[in-house]
Amino acid sequence: MNEANRVISHTNKSTPMNARDEELASSAIFEPYVSTDEIASFIGESRRNVLRMVREGKLTCYPLSGLKRHTYKFKRSEVSKDLEKLRRPSGAASEHTAKTRDAQK
């Protein structure tokens, strides 16, 4: 079977996919969006602090429009990355801390 026929045959749903196509399909992981309350319990903060962090631009979120109040949805993986960045000291801050500590000795 030539390449063109194989591509066409995979568009037919009755034809099973080959192993590579199955691997690609399974690697596309669907991550659901979660609410502000779920993220608050996930990171151990209050809902109010989560919303403050959103306003300050510290957390990645997806605002829902057309609603009277601000409503946001989050992805846990993105929030985890955001928190990791916040908790990891930047190079300049850690140098300043080291210099201050050395000066106090």
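The values are calculated or read from the model by the stated rules, or taken from the named source; none is laboratory data. Please read these numbers as outputs of a predicted model, since none were measured by experiment. Here the Cβ positions follow ideal geometry from the backbone for every residue, glycine too, while neighbour counts run over all protein chains shown.
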Practice task
Output the residues belonging to the range 55-82 that are touching a residue at least 40 places away in the same chain (Cβ under 8 Å) and among the polar types (S, T, N, Q).
Solution key: Ser77
Exercise for the section: Mind listing whichever residues of the range 81-90 are assigned to a loop (DSSP other than H, G, I, E, B) and at pLDDT 80 or above? Expected result: Arg88
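Yes/no per residue for (1) within 28 Å of Ile29 (Cα to Cα); (2) at pLDDT below 95; (3) aromatic (Phe, Trp, Tyr); (4) surrounded by fewer than 14 Cβ atoms within 10 Å (Cβ to Cβ):
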position: Asn49; (1), (2), (3), (4): no, no, no, yes
position: Arg52; (1), (2), (3), (4): no, no, no, yes
position: Ser65; (1), (2), (3), (4): yes, yes, no, yes
position: Lys68; (1), (2), (3), (4): no, yes, no, yes
position: Tyr72; (1), (2), (3), (4): yes, yes, yes, no
position: Val79; (1), (2), (3), (4): yes, no, no, no
position: Glu95; (1), (2), (3), (4): no, yes, no, yes
Exercise for the section: Among the candidates Ser9, Ser26, single out the residue that is part of a helix (DSSP H, G or I), at pLDDT below 95, over 18 Å from the mean Cα position of the chain (by Cα) and within 18 Å of Ser77 (Cβ to Cβ). Expected result: Ser26
